[in-house]
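Below is one structure, written out as structure tokens; comments come after it.
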Amino acid sequence: MSSGGFHVHGPHDHAIEHATHGHGEHPAESHGTEGHGSSTNKIAMFTAIVATVGAIFAYMGGATQANAGLMKNDAAIKKTEASNQWNYFQSKSTKQSLAELARDMTPSEQEKAKYQAKIDRYETEKNEIKKAAEGLEAEARAFDEKSEAQMHQHHRWAQATTALQVAIALAAIALLTRKKWLEWGMYGVAAIGLGVGTLALLHV
């Protein structure tokens, strides 16, 4: 605008002139765009890596859960076998008691000797059956303990997977909002997930 021979610049005239001559705000804006692009690439790479690790954790969680189920089933089988052995033991005990009663009631020494032989045989068989039953019970306890350990590990894998899923969700929000604290949050939650996954790997 001209007034009395003087040229008065409007509020945006300098910006327009600088833009016309290539000295405007565009380089700074371009630099900002590059910064956003770099951040976007980092988050995208982070998301891809975390998603891959999360898939591995999820697989391990499913595998340990399946193992826990199989071991619990093995424990149930061993308990059933042990119960059968104890029933067999009880049957031998009953027969032994009847033989002892018959031995005590018979007047014949020959009959007494015959019943005593049966009693001795039943006692030997009972000891063998008892040993087998106790062995099966020990195996059942071992399978139960292994199953519990596998379930504990499964819970660790599940916790780690959940943390990584939360980290991925934070990464998506960070991409949309451009909030730096969300980026730090996604890194922190991912670190927690990786830490819990390490505990699962170490059976802790």
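The values are calculated or read from the model by the stated rules, or taken from the named source; none is laboratory data. This is a predicted model, so every value here is computed, not measured. Methodologically, a virtual Cβ is constructed for each residue, glycine included, from the backbone with ideal geometry; neighbour enumeration extends over all protein chains shown. Calculation scope for accessible area: heavy atoms of the full protein, side chains included, ligands and nucleic acids excluded. Shrake-Rupley method; radii C 1.70, N 1.55, O 1.52, S 1.80 Å.
Bridging of Lys179 to lysines at a Cα separation below 20 Å is possible for Lys42, once same-chain residues fewer than 8 apart are set aside. Computed extension length for Ile192-Lys112: 21.2 nm, one decimal, from 0.36 nm per residue of separation with the Cα-Cα distance subtracted.
Using heavy atoms of the protein chains and a probe of 1.4 Å, the accessible area assigned to Trp157 is about 10 Å². When Met45, Met186, Met60 are compared by accessible area of protein heavy atoms, the largest-first order is Met45, Met60, Met186, using a 1.4 Å probe.
According to the square roots a ≥ b ≥ c of the eigenvalues of the Cα gyration tensor, what is the shape class of the range 154-204, taking rounded for a/c under 1.5, prolate for a/b larger than b/c otherwise, and oblate for the remainder? Judged from the Cα gyration tensor, the range 154-204 comes out prolate (a/c at least 1.5, a/b above b/c).
Near Ala76: Cβ cut-off under 15 Å, other residues only, Lys/Arg at +1 and Asp/Glu at -1. The net charge is -2.
Summing Lys and Arg as +1 and Asp and Glu as -1 over all other residues whose Cβ lies under 12 Å from the Cβ of Ala149 gives a net charge of 0.
What is the local net charge at Ala102, summed over the other residues whose Cβ is closer than 10 Å to its Cβ (Lys, Arg +1; Asp, Glu -1)?
Details: positive: Arg103, Lys112, Lys114, Lys118; negative: Glu100, Asp104, Glu111.
Within the 10 Å Cβ shell, the charges total +1.
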